[in-house]
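Working notes, structure below.
The values are calculated or read from the model by the stated rules, or taken from the named source; none is laboratory data. Since we're looking at a predicted model, the values are computed, not measured. Cβ coordinates were reconstructed from backbone atoms using ideal geometry, including for glycine residues, and neighbour counts include every protein chain displayed. To get the accessible areas, we keep the full protein, side chains included, count just its heavy atoms, and leave off ligands, DNA and RNA. Shrake-Rupley method; radii C 1.70, N 1.55, O 1.52, S 1.80 Å.
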Amino acid sequence: MKGVDTRTAAWPTLMVFLLPALAVYAAFTAYPVFRTFYNSFFNIADLDTARYVGLDHFRALAGDSTFRASVVNTMIWSFVAPIIDVGTGLLLALCLYAGVPFARFFRVAWFTPVLLSYVVVGIMWLWIYNYDWGVVNATLRATGLGALAHSWLGDTHTALAALMVTHAWKWAGFNMVVCLAAMHSLPSEVLEAAELDNCGWAAKLFHVVIPLLRPTLLNLYILAFIGKMKVFDLVFIMTDGGPLWATETVSTYVYKRAFNWNTFDLGYPSAIAVLWFLVVIAFVALLTWLFRQKDRLEF
Amino acid sequence: MANAEPFADRATRMLRSAPLAAVLVLYTLYSALPFAWIATMSVRTTSEISANHYAWPTVWHWEKYRAAWFDSNFGTYFWNSTLVVVAAVAVVTVLGAAAAHCLARYRFRGNRLVYFILFSSIIFPPQIILISLFQVMAGYGLYNSRLGLTLVYIGLQLPLTVYLLEGFFARIPQDLFDAAKIDGYGDFEIFVRIVLPVGMPAIATTVILNFIQLWNEFLFAVVLVNDPGLSTLPIGIRRFMGDYFQDTGMIATGMMIAVLPVIVVYAFFSEKLIQGMTAGAVK
């Protein structure tokens, strides 16, 4: 069809469509990213004076024990928690797919936590974990297990796990709806065989459902992984990194070094941000590549 | 999905598999009760709550909402949130739709590169822009301003908006565009009179998704706005919690005020919202 070419347009036309978005991107994403890289080589005591320090910040990071603790916590969270999130989401989706009654109600009830802000979820779970009257300890005492009652967020051994549970509570519903959507897009005859209605469902789960949903599940794992590498709000609200850095994450540490501690230097937290930026991108690239390789080997 | 079995049969079959039913009920309690608990606390006074944290409200203190709104500044926070979020969502939708249309429809050198650059920033950890944005905003007098926060929010949601809309716009049949061109439509008319109406379901999805994400946004709001009179709801709740740690009842009321708009949106547009959230993740 010569003459009616709707696939090309003059550059000025393209620019009218594209330029506003690109300008916003340049001003509020690209420039700040470059500026953070630049800042990481400076000591910025206030907004106007910057002293060049080269790689000093990066060298200092190697000996920073708080930073090391925050990396360990974030890594544990990023690798372990996505398995819980995706696993729960998959099981919940299977229940709905198997055609339980009141499926609509269940879906709403399970999905609602996804919509709540971290501030609301954080305060809610601060109360749930409250030592004196929180649901967890109240339940333990009521069932005669009062000896197990515990200051869940105040103990270095349980604080990180408690936060991970809260985070999983919020995100299970998201993984559920994604798994459910993926199941609905599969050929129905195949999955009907995998309904949960009779014995041997575990075998069906592992031999039919999981292999079919592999791409979606791996995708969800990567999404959850990225989310956990950035985790900030919940920690900031519930424990602020404590007790004794037991729940410190890289994000909260960057925030503290930049805005909370009175070591007013924006260069050092910028260096952490740069390093973490590279780590996240490297891990996402690696995971994507690994999962692809495995797919190729199987076929 | 296509389950022709009558409901009653299915129900009895499900009841027979008691363990599954137990799991369903337990998980539902686990998932929904915390929120129900906060809801009951929001209409009870703090002294009633201290007496028994788990009692059903005997007197429904709806006046607490009024107190939270007027006396504890939640009205101000609500207004700030509304202003910032509505403005940001409106602008990002227009900018994002224009860019998405351009990337989805036209062939030009660098198209996929631009798409990739926009899209890849979805995975960036926010700290990589947080600290320098603080400097930039302070430099331009946009620190501690709702306008500054709005601009940052537009930038934050742009990649996701372009990504979701590009995917949808690319599936609009090419015939529609060819026919429009034959009828003498120009490039901008095509965008306004074809892409926007046809793409409305996808646009609605991104609007809802962006609204909820920004309504709940915390990190940039806490760094870029310091003035209590300009704070958005999440920051307002946290500040109130910091100042009146013991006032459990009023904190719960404030939380409900922050959550209600999201719940209303979800009640009306749950399908759209879920579509938006799943669009990126299903392959």
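Classification of region B:218-283 by its C-alpha gyration tensor yields a prolate form. The axis ratio a/c (a ≥ b ≥ c) is 1.5 or more, and a/b outweighs b/c.
Just the number, please: carbon plus sulfur as a percent of the accessible area of region A:64-298, 1.4 Å probe, no ligands or DNA/RNA counted. Of all accessible area on region A:64-298, carbon and sulfur atoms account for 69 percent.
Largest first, the residues A:212, A:116, A:217, A:244 sort by 1.4 Å accessible area into A:244, A:212, A:217, A:116. Residues B:235, A:281, sorted by accessible area with the largest first, give A:281, B:235 [1.4 Å probe; ligands and nucleic acids excluded].
The interface between chain B and chain A buries about 9000 Å² of solvent-accessible area in total (1.4 Å probe, ligands and nucleic acids excluded).
Compute, for region A:15-87, the length of the dipole vector about the Cα centre, with Cβ point charges of +1 (Lys, Arg) and -1 (Asp, Glu) only. Units Debye, rounded to 20. Write out the running numbers ahead of the final one.
Numbers: 4 positive and 5 negative charges, 27 e Å.
Approximately 140 debye in magnitude.
In order along region B:53-66, the Karplus-derived 3J(HN,Hα) couplings, from 6.51 cos²θ - 1.76 cosθ + 1.60 at θ = phi - 60°, round to 6, 10, 7, 6, x, 7, 10, 8, 7, 5, 5, 4, 5, 5 Hz, and Gly and Pro are given as x. As a calculated quantity, the FRET efficiency between residue A:208 and residue B:188 at R0 = 45 Å, using C-beta atoms, amounts to about 0.35. Comparing A:20, A:82, A:269 in a Gaussian network model of chain A, where Cα atoms under 10 Å apart are tied by springs, the biggest mean-square fluctuation is seen for A:20.
Shape class for chain B: oblate, because the ratio a/c of the largest to smallest gyration tensor axis (alpha-carbon atoms, square roots of eigenvalues) is 1.5 or more and b/c is at least a/b. In order along region A:247-254, the Karplus-derived 3J(HN,Hα) couplings, from 6.51 cos²θ - 1.76 cosθ + 1.60 at θ = phi - 60°, round to 10, 4, 10, 4, 5, 5, 5, 4 Hz, and Gly and Pro are given as x.
The Cα-based radius of gyration and maximum Cα-Cα distance (Dmax) for region B:138-256 are 20.8, 69 Å.
Near the amide H of residue A:242, within less than 5 Å, lie the amide hydrogens of A:247, all on another chain or at least 5 residues away, with H placed in the peptide plane.
Note on residue B:51 and residue B:204: with the Förster distance fixed at 51 Å, the Cβ-Cβ geometry gives a FRET efficiency of about 0.65. Kirkwood analysis of the Cα pair distances in region A:64-298 returns a hydrodynamic radius of 19.8 Å. In whole percents, the pair-distance distribution calculated for the protein assembly as shown from its alpha-carbon pairs, binned every 10 Å from zero, is 3, 15, 25, 27, 19, 9, 2, 0, 0. Here is how the number arises for chain A: DSSP H runs of 4 or more residues each give -39500 (n - 2.57), the sum is divided by the residue count, and the result at 222 nm is -21000 deg cm²/dmol.
Per residue, the accessible area of the protein assembly as shown comes to 44 Å² when a 1.4 Å probe rolls over the protein heavy atoms.
Dipole magnitude for the protein assembly as shown: about 840 debye, using +1 per Lys or Arg Cβ and -1 per Asp or Glu Cβ, origin at the Cα centre.
Quick check on region A:1-109: take the gyration tensor over C-alpha atoms, sort the square-rooted eigenvalues as a ≥ b ≥ c, and tell me if it's rounded (a/c under 1.5), prolate or oblate. It is oblate, given that a/c is not under 1.5 and a/b is not larger than b/c. Assuming charge only on the beta carbon of Lys and Arg (+1) and of Asp and Glu (-1), the dipole of region B:67-279 about its Cα centre is about 480 debye to the nearest 20.
Across region B:107-118, rounded Karplus estimates of 3J(HN,Hα) from the backbone phi angles (6.51 cos²θ - 1.76 cosθ + 1.60, θ = phi - 60°) give 8, 8, 5, x, 3, 5, 5, 4, 4, 5, 4, 4 Hz, Gly and Pro being marked x. The heavy atoms of residue B:175 present about 120 square angstrom of accessible area, all protein chains included, probe 1.4 Å. With every protein chain in place and a 1.4 angstrom probe, the accessible-area ranking of B:109, A:292, largest first, reads B:109, A:292. Scanning residues 5 or more positions from residue B:244 or on other chains, none has an amide H under 5 Å from its amide H, with H placed 1.01 Å from N in the peptide plane. Using a probe of 1.4 Å, the accessible surface attributed to residue A:268 totals some 10 Å² when neighbouring protein chains are kept in position. Cα centroid separation, region B:211-261 to region A:51-95: 26 Å.
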